[in-house]
1. Given Cβ point charges of +1 (Lys, Arg) and -1 (Asp, Glu) and nothing else, what value in debye, to the nearest 20, does the dipole of the protein assembly as shown about its Cα centre take?
2. Please state, rounded to one decimal and in Å, the Kirkwood hydrodynamic radius that the protein assembly as shown gives when every pair of distinct Cα atoms enters the mean of 1/r.
3. Which whole number gives the average count of other chain Cβ atoms within 10 Å of the Cβ atoms across peptide B:94-106?
4. Using the per-residue mean of other Cβ atoms lying within 10 Å as a proxy for protection, in what order, highest first, do the peptides B:195-205, A:77-87 fall?
5. Using the Cα centre of chain B as origin and beta-carbon charges of +1 (Lys, Arg) and -1 (Asp, Glu), tell me which of B:Thr68, B:Pro153, B:Leu127 is placed farthest towards the positive end of the dipole.
6. Grab the DSSP H runs of chain A that are 4 residues or longer, score each as -39,500 (n - 2.57), total them, divide by all residues and round the 222 nm result to the nearest 500 deg cm²/dmol.
7. When each pair of different Cα atoms in the stretch B:16-98 is counted once in the 1/r mean, what is the Kirkwood radius in angstroms, to one decimal?
8. Per 5 Å bin, what percent of the C-alpha pairs of the stretch A:113-205 does each bin hold, from zero upward?
There are 2 protein chains.
Amino acid sequence: MADQSQPPLTRIQQKNRDLILEGALSVFSVNGFRGATIDQIADAAGLSKPNVLYYFASKDDIHKTLLTTLLDMWLAPMIRIDPDGDPLEEVMTYVRAKLEMSRRFPRESRLFAYEILQGAPHLTEILGGGLRQIVDRAATILQGWMDDGRLAPVEPRHLIFSIWALTQHYADFEVQVRAVLGPGHDPFVEAGPFLDNLYRKILGL
Amino acid sequence: MADQSQPPLTRIQQKNRDLILEGALSVFSVNGFRGATIDQIADAAGLSKPNVLYYFASKDDIHKTLLTTLLDMWLAPMIRIDPDGDPLEEVMTYVRAKLEMSRRFPRESRLFAYEILQGAPHLTEILGGGLRQIVDRAATILQGWMDDGRLAPVEPRHLIFSIWALTQHYADFEVQVRAVLGPGHDPFVEAGPFLDNLYRKILGL
DNA sequence: CGTGATCCTGACCATTTGGTCAATAAAGGA
DNA sequence: TCCTTTATTGACCAAATGGTCAGGATCACG
């Protein structure tokens, strides 16, 4: 990666780029990359189509920018796992943080879901690189706790997959979840104690 | 639903419709509905585009046919849950069947994932109707077993969500799972014992 | 205020894509 | 074999869509 120090953004640039990314997130997360049009994004951002393309080189550019920008936020909770903390409490904190992210940022969850479903054309290097390292670190910590008898032994990577699957399911498949539960239910609220109980039983000694 | 008894299909009709649906499944499951083109489907089916449209009225028609055709297969394992069986064994059988379906039919899993992500435009009535009834039945059975003290008590619908999420994750997010695990792993094989252990701990007494 | 840089847009273009149709080819039954 | 029905396709169309561009509006700064 060459260090191509960009000139600082003007106020207008900052504002409009933000508007575009915000609008694009809404559009991409509903329709996926191919289902989204620049016109929709422009509408959502309150700008004209040529103006959108004044700030981003292409639809692809917007998408890639969104993904890489949001990836850090998305992975942050896993990085915060503290090897010196209380094992069960650390895991539960991670699970709760991940569920809270699904609740507060369902669009982001769906954006990534679309990308992975598609075969992650924009994230291949990151998947095998940065993400893998982050997961490796977490898996090592978990394994250490299990080896020390402070956590019930399970395959750490699949444990992580399970946390991803269970928490993101409530964002990605929200329509289905709501349809099955019917009105008068808050899936995210109910999921809290359910997941709490689940991971206590799996990891408790 | 009006009973519009269709004339029986000729051999050619049967064969070509199957070819188209098979090709369409491959295309839709990779690119989603909007990302797929009739040309791609025609190619995958080995037919010309007008010929594809001779057998199906529109791209939408193909998609809808696929979804409704496959939905039964997809839900079949849940229907097979036997209220007179051994509780834990019934659940484990369901989990294993669902994981096996993710392994053998990842395209179908992704097809549904795309549909739900999109807000299930073609499945809204089914989600709130047929699916909900099937889940209600299963949930009632599970609840009965829990009330009888034959299964540890958990919210039955969220238990079902968890099974869907955990098993389908290996199909829908296969790229990510493989990237994290690295080469030399078979996610589905490893998931088997992991899920076995998980549900035993959650539901065992 | 003036002027250069930045910002914005209507009009336009080329390609893609869902879908049609008239005409031809292949089945199939009497 | 002949004739009706079914199957197939090349050519075509209209709409949608990603992207361009020349020129005008606005901003920032000396």
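1. 840 debye
2. Numbers: mean 1/r = 0.0434 Å⁻¹.
Evaluated on the protein assembly as shown, it is 23.0 Å.
3. 0
4. In descending order of packing, they fall as B:195-205, A:77-87.
5. Comparing the listed Cα positions along the dipole, B:Thr68 ranks first.
6. -24000 deg cm²/dmol
7. 14.4 Å
8. Values per bin, smallest distances first: 2, 11, 16, 18, 17, 15, 13, 6, 1, 0.
The values are calculated or read from the model by the stated rules, or taken from the named source; none is laboratory data. Just so we're clear, the structure is a prediction, and the values are computed from it rather than from any experiment. Quick reminder, even Gly has a Cβ in these numbers, built from the backbone with ideal geometry, and neighbours come from all protein chains shown. All accessible areas refer to the heavy atoms of the entire protein, side chains included, with ligands and DNA or RNA removed. Shrake-Rupley method; radii C 1.70, N 1.55, O 1.52, S 1.80 Å.
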